[in-house]
Each structure stands twice: as C-alpha cells, then as structure tokens.
Amino acid sequence: MLYFRLCCFLSLFTAALQASGEMSSLLLAYEDASELSKITRSDSAGFVDIYTRADLERMQVKTLDDVLKLSSIPFTSRAQSGVVTFVKPTKAGMPNSAIRLFINDKPSTSGVYGSTSKMYASMSIEHIDHIEIYKTASSLEFGGEPGTVIIKLYTKLPQREEGGKVKAAFDTDGSTLLDAYYAQTLSDDFSYLIFANTNKMKRDTFTNQTKELNSDTQNENIFASFDYTGWKVDISHYKKQTNPFLGKGIKYTPEETNGIESKEDYIHISKTFESSIKLKLLYSDLKVTEDFVDNGGIYAGALGMIKSYHNTNKNRVFSSSLEKIHSTKNNRFFAGVSFKHDTFATDSTFDAGVFSYDNILNTYSVYAENSYDFGTATRLITSLKFDFYRYDKEVEDKNNYIARVGIIKNIDSFQLKAFYTRSYYLNPLASLYSAGYNAPFITNPDLQNAEQELSSIEAKYSGEKSTLNLRFSYINVKDYVLYDKTKGFINATGKKYFTQYELKYQYRFNRDNKIEAVFYGGDNGDVENFSPSNGAVIKLFNRYNKVDFYNDLVYRDSYSTYDIDVRRSFDFTSSVKYHYSESLSFGIRGENLFDDAYQQAYKNFPYAISVYDRKIWFTMEYMF
Amino acid sequence: MIVTTLLASKQDAERKIYESIIKTIFPQKSAVAVWTDSEKKAKVLREIPFVKLVEEKRSADFLIISKTDEGIPEDKKIFADGYLVFKAFKKQLIGGFYWQKGRANLIFIKNNLQKYKIDLPSDLKKYVK
C-alpha cells in the first residue's frame, strides 16, 4: 500500500508539468481530436467505455484479457476449464451468447456455443487501435445476434501507420510473446495491414490430490486487412490452446491432456456503395476440440459418469447482410436484412462410446432503427429487429424479436440517456440438439430462448477537465435456462431480476496525466451470491519527458459461495515505459504485485484459486 | 450533435497548424494564394483569414497536395498532406504534415528551406529533417 501511495504522489507531481512549445501543443491537440474512437463510438448504443490507442500503449497491455480485467460490469474470472468467464456482481458466469465481440465489422458468432468471445479474450491486441465496450446494449446497431455486452475492436488504419512494429516480451514465469505488424498505403485506392502473433502464457500451477492443475495457454494469430477502392477484406487465422486447469471432473483430478483447442479461420468482406447501401459477407470455419481425462469421473449427461472425454465441434458459417442508411438534417434511418447459414458437426468419444451428428441452422433477420433529433439537444431512438431461426433437424423453429426505445438529452454540461430494451438470449445448439445421444448434456429441442427486459439510465456531467457518469440498470429475465442432471436444459418458471449500478469519474490534468475511477455493484435478488456484490477500479496515467507511468488497482469485495469464504481482493498493476527514441521503447509491467488478486471459488473444491498471477513482464518495442 | 463538435475541434487544431506553417513560409505576404486538391483541406484553409483559395495551380503561391497523380509545376512551393505524397515529391517539398506510426508528423526539408531561404522560428526548428 505504501508503494501505491508513492505512485499517487508521483501522479500528482508529474501532472503539474506541462508540455512545452506551441506547435507541439497544437500537434498533440490535433492527435487528440483525431482519435479514431471519436468517429466510431456510438453513444446511442448504450453505456460505452473506451480504451483509446494511447491508453492501450501506456497500459502496456498484451492481450484482450489485460483490458477486460479492468471491466467493472461485467468483470472477468476463470472457469474450471481455464477459459475466461464474464461475471456480473453476485451472479455466476454469464451465458456465452450474452457477450458479443466484433473485430472491425466481423462478429464472433457460433451457433454451437453462442459466441466465440471467450476464445478471443486471450488474443494479442497489438494490431488493435482502440476498444469500445458497450454495456446493456442490444447489438442492433452493429448487426449480428443479440447480446447485452458488445466488445468492439478496431484495427489500426494503414493511413495512420505507414510502417511497422515488432514487439517482444517475456515474464518472470517463463511466458513469451512476439507480435509484428506492417501497414501501408500503396496508392490512393489501396492499403493493407498484416499482423502476426505467437505467445505462450505460463500460469501458476496448483495441486489437488497429487494432480497438477495447469492452465498454460498457447496462441497464434495471423490477421490481414485490405482496402481496395472501399472494398474491405479481413482475413484471419486464430488458434488457442488452454491446458485443462481443473478439468471437467467432479473431483478436479485431471490427467495431463491437451485441454481445449479452439481455431477459427475467417474471411469478412464489406463495402459501402455510393447509394449508402452496405454489403457484408462472412465465411468462418470454427473448430473446438475438448480433451479431458479424469479418473474421478466426468459427468456426461445420459452416459452418467465417464473418465475419458473427447469432443470436437465444427461450425461453418456463411452470412450476408445488406444495410441502408438514409439521413436528413434531423433524422437518420437505418434498415437491414441478413441471412446466416450455420452448419454443425460433432464428433465425440466418451470412454468407449463414439457419437457423431450434425445439424443446420438458417437465421433470417430484418431490422430497422430510427434516430430523430429534436433540435440540437434531444435525440429519440427507436429500434426493432425480427429473427427467424430454422433448424434442419429436430429443434423447433423459433421466432424472436428485439425492441428498443431510448432518449438522449443534453442540457448544458449534462447529458441524460435512458433506454428500454426487450430482447432475448439465444440458446446455443449444444443445449438443443444431440441426435438423441444426450451426451455430454441432456439436450432439449423445445427449449425456449430466455426473454429479458432491460431498463437503463445514465446521467453524465462533462466539465472542462473532468467527466462524471452515474449509471443504473434493471434487468428481468423470463424463461431463464437451468440445467438439471435428470431433466437436462429446462426453462424455469417465474422471473429473475438483477440490478446494477456504476459511478465513473475521470479527471484529466492535461493530455499526459489523468485519473479514472469506477465504483460498481449489483444485486440478483436471490439469497445466494456466487461472486462479489461490489468493487472498484482506479487507473492512473502519467508521463514525464520520455517515460510513461501507469498504475491500476482492481478491488473486489469478499463473498461466500460453495461453503467457502473468499476474502476481498486488491489487484495492483504498475508499469513504466521508457521511449528511448521515436522508434525504440522498453517497458516493465508488474501484475498483481500485492499477490492479493481476485479468487474464484469452485463447487466442491476445497479453496478459492487466484484468477490472476503475480508476475513481471519485460517488453521491447521497435517501430520502423 | 456530438460528432459536429468533435469535427470542429479537429478542424480547429488543423487550421492553427496550417496557419502557423503558411505564416512561416510567407512572412511578408498579407494574402497568400493557396491551391489544394483536397476538399477537406479546402474547408480548413477557408477559415484562415490571410489565405485565398485559387483554382489554378499556376496562380497559387503555395500548393498543398494530397494525391500523388497531380502534375505539379516544378517552380512552386509545395507541401505534402499525406505520407504517399511526401515520398513521391520529397525532392521538391518544403515539408509535409501527415500521419505515421500512429502520430501526426510535421516535417520541414532542410535543403528546400535553404533553397527558398525560409527561416523557421525556434519552436519549428525541431521538425527539420
């Protein structure tokens, strides 16, 4: 804590120092005003948190989960299989389908799992310019299936790079990371960005009944983005492997296996024509292989307890959409149609049992949104989307809709936003269909999509150097989905409700020095809590001459679940980056320095396990 | 509402940058005739009181170029608005204002400053290459 107080003092000290030279100040002001997030952000989509390019560089983040760790609601934790989970205060993990991730216009989509967002949580983000996180949003504005948290990643623009970068890093646990990108405009009509990454993340290991609990990961990513006369083509290959960690067994005694390996290859094409019609095409090939062995027994639906679990899901997606914007002085009308064709194939080997089956899902969507400005101070937004799901085998057809109405009102330095959304959670195929095998889960082809009503309000004050946001949301869910070991997936009767709030404050001393603080909490109305009910995140950004300083503290309250009392946590990160020249810089980043990070409790596991490791990263970056 | 305000901030900063550049290159002129091939740049330059936009390159004192396929008279003072243009016309340019490595760059080319006998004020000297 003494170190944290020293960092606070340094932040105030360096904040008093100003940049010198009028042209220097003008160039910095121009860079600031040209920040790409100012163009891409959509305030009418909901509450939004932005990580600018400057923020990401000064924080010395390596992967997306370095950023997601700082999210208030939802915050991140770790599932027993080692993958990232998203958690709202007091609740257990959010369904996959609630989290939507976009890389440029390309959505993370998977009919089998609901979303591939968790897979991309460990992706290196050196090629990413800025990140927008929308909360309590429907995804109508951005297309794709519904979600209540939208994470948007925008890649760097070749027109602003005209060169490349290499970054190499290693940590005190033996992790290594290598990133490289190059971006260039070759003519007035053609530009490109190419990115490649490989990393091995070493995690702390634990022991349970002589079995090692290991969650090391390996990632590789190749990404290319081309722009030719407005035709944008993104091509990606991303592969991630996570060791078993606690595994899938009920006694958490996993053998050493490959754990989970996820791979997605995709090509995404988009073009906005002069008539303001936008065309988007996507082809994606996703493969997820789960490989677990546990002699203590793994639950596998109708098969009961097994020891060897090997399951491969292949999901091919072809989707297309056409959208049109019509704008007048006071009105913006947006409408679109889309079609998605998902094919699934599953191959499973559970002990001696071998199962294979497949299915197809066709999704037809039509949507429209209208924004009307009453003068310059008030905007009224209305949205409507219809989704029609048609399965080839066994699963009954579903028709769902999303409706949204909202208002944004500006009064001098204040802004008020209020939204009401009626939406739903799409059930992944893994809960609906298993060709009668009912393994590894007992599926239910008649399962209905849970419906939610979401009311949210935000008051924002913007001063010359500060902003203050107060956010509140009330969510209730009908037909929510439960899993029963004898009945399988079922829709529960009754409703569940959830409230959440956030108070966010930012003060900017000058361009180089700022402080941000968020206090948040939530309540699920149940007697039992599965996670902390409140927390806080404080971030300090400072610069002195050629040195960037960054510090953050993530606090989460104590909680009790599964008969384990989990202590409150203080996760402190501190980093320093020295810019030796315009091209070369060196950085040190210490994570969980107090060794007091958030701990996750698991059912029937004797103690809670720290989600984040204490380590120090050393980084070198060279731009050319 | 919000987007209009943000664009105005960016334009304002850009206007001040070009105001400083043009005043430095033409310290004695009360009115400077400027030609540009970019409508976006023209919008910024129109706000500078001592700048007069012209349609013919030949009648301009100063050319701000954003496209590489322009036929540029060799006897004119020119400035690059974009990295591609900077690379293409480097031998003739007085300088350029463009994005590179994620940063806004301002460059003055030493040989051409000397050729045109342009004397930079102290806070611009560090941008000479």
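Summary table below
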| read-out | value |
| --- | --- |
| Peptide-level mean, for A:39-47, of C-beta atoms on other protein chains within 10 Å | 1 |
| Geometric extent, Cα atoms of the protein assembly as shown - Rg, Dmax (angstrom) | 27.6, 91 |
| Area hidden from solvent between B and A (accessible, protein heavy atoms only, 1.4 Å, total, Å²) | 2800 Å² |
| Where Cα atoms sit under 19 Å apart: lysine pairs in segment A:248-337 separated by 8 or more or lying on different chains | 9 |
| Amide hydrogen neighbours beyond the local backbone of A:Tyr612, cut-off 5 Å, H modeled | A:Tyr598 |
| Using θ = phi - 60° and Karplus 6.51 cos²θ - 1.76 cosθ + 1.60, couplings along segment A:486-492 (whole Hz; Gly, Pro as x) | 9, 9, x, 6, 9, 8, 6 |
| Mean ellipticity per residue at 222 nm, deg cm²/dmol - from DSSP H runs of n ≥ 4 across chain A, formula -39500 (n - 2.57) | -2000 deg cm²/dmol |
| Long-range HN-HN contacts of A:Ser531 with modeled amide H, under 5 Å | A:Thr90, A:Lys91 |
| Aspartates and glutamates with Cα under 19 Å of A:Lys417, excluding same-chain neighbours fewer than 8 positions away | A:Asp43, A:Asp49, A:Glu132, A:Glu141, A:Glu369, A:Asp373, A:Glu453, A:Glu458, A:Glu502 |
| For chain B, built as a Gaussian network whose Cα springs stay under 10 Å, the top-fluctuating residue of B:Tyr83, B:Tyr18, B:Tyr116 | B:Tyr116 |
| Segment A:Thr207-A:Lys478, length gained on full extension (0.36 nm per residue, minus Cα span) | 93.5 nm |
| Average partner coverage of A:28-36, which counts Cβ from other chains inside 10 Å | 6 |
| Greater than 21 Å apart at Cα, pairs in B:Lys57/B:Lys90; A:Lys504/B:Lys10; A:Lys62/A:Lys340; B:Lys40/B:Lys125 | A:Lys504/B:Lys10; A:Lys62/A:Lys340; B:Lys40/B:Lys125 |
| Shape of segment A:126-252, Cα gyration tensor, a/c cut at 1.5 | oblate |
| DSSP-assigned coil residues among GluC sites (Glu not before Pro) in segment A:422-467, each with at most 13 further Cβ atoms within 10 Å | A:Glu464 |
| Long-range amide H partners of A:Leu432 with built H, under 5 Å | A:Asn444 |
| Candidate aspartates and glutamates for bridging to B:Lys41, where Cα separation is under 15 Å - those fewer than 8 sequence places away on the same chain excluded | B:Asp12, B:Glu14, B:Glu19, B:Glu55, B:Asp81 |
| Taking N as its residue count, the alpha carbon Rg of segment B:43-129 over 2.2 N^0.38 Å | 1.09 |
| Simple spin-label estimate for A:Ala418 and B:Asp75 in nanometres, 7 Å along Cα-Cβ | 7.0 nm |
| J(HN,Hα) series, segment A:208-218, from Karplus relation 6.51 cos²θ - 1.76 cosθ + 1.60, nearest Hz, glycine and proline x | 9, 6, 6, 8, 7, 9, 10, 10, 4, 10, 10 |
| Relative contact order, percent, segment A:368-451 [alpha-carbon distance under 8 Å, six or more residues apart] | 22 percent |
| Euclidean distance between Cα centres, segment A:271-306 to segment A:592-623, Å | 27 Å |
| Cα gyration tensor shape of segment A:384-484, rounded if a/c is under 1.5, else prolate or oblate by comparing a/b with b/c | prolate |
| Greater than 28 Å apart at Cα, pairs in A:Lys152/A:Lys539; A:Lys152/A:Lys211; A:Lys135/A:Lys546; A:Lys69/A:Lys393; A:Lys156/B:Lys117; A:Lys167/A:Lys603 | A:Lys152/A:Lys211; A:Lys135/A:Lys546; A:Lys69/A:Lys393; A:Lys156/B:Lys117; A:Lys167/A:Lys603 |
| Solvent-accessible surface ranking, highest first, for A:Phe226, A:Phe102, A:Phe414 at 1.4 angstrom | A:Phe414, A:Phe226, A:Phe102 |
| Coarse-grained scattering of segment A:377-438 at q = 0.14, 0.25 Å⁻¹, given as base-10 log I(q)/I(0) from a Debye sum over alpha-carbon atoms | -0.60, -1.03 |
| Charge context of A:Lys496, other residues only, Cβ under 11 angstrom, K/R +1, D/E -1 | +1 |
| All-pairs alpha carbon distance profile, segment A:520-624, 10 Å steps from 0, percent | 14, 34, 25, 16, 9, 2 |
| Part-to-part distance (alpha-carbon centres) for segment A:328-370 and segment A:229-249, which is given in Å | 18 Å |
| Whichever aspartates and glutamates have a C-alpha closer than 12 Å to that of B:Lys29, once near sequence neighbours (fewer than 8 apart) are set aside | B:Asp61 |
| Accessible surface of the protein assembly as shown, 1.4 Å probe, proportion on carbon and sulfur as whole % | 56 percent |
| Distance in nm between pseudo-label sites at B:Lys91 and A:Glu255 (7 Å out along the Cβ direction from Cα) | 7.2 nm |
| Under the Karplus curve 6.51 cos²θ - 1.76 cosθ + 1.60, θ = phi - 60°, whole-Hz ³J(HN,Hα) for segment A:393-403, x wherever Gly or Pro sits | 10, 6, 6, 6, 4, 10, 10, 9, 9, 10, 10 |
| Within 10 Å of each Cβ in A:156-169, the average number of Cβ atoms from other chains | 3 |
| Filtered GluC sites (Glu not before Pro), segment A:488-553: DSSP coil and at most 16 other beta carbons within 10 Å | A:Glu528 |
| Net length gained if the chain between A:Tyr578 and A:Tyr461 were fully extended (0.36 nm per residue, minus Cα distance) | 38.7 nm |
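The values are calculated or read from the model by the stated rules, or taken from the named source; none is laboratory data. The shown structure was predicted, so the numbers you read here are calculated from the model rather than taken from an experiment. Because the Cβ atoms are built from the backbone with ideal geometry, glycine has one as well, and the counts that use them run over all protein chains shown. In case anyone asks, the SASA skips ligands and DNA or RNA and just uses the protein heavy atoms, side chains included. Shrake-Rupley method; radii C 1.70, N 1.55, O 1.52, S 1.80 Å.
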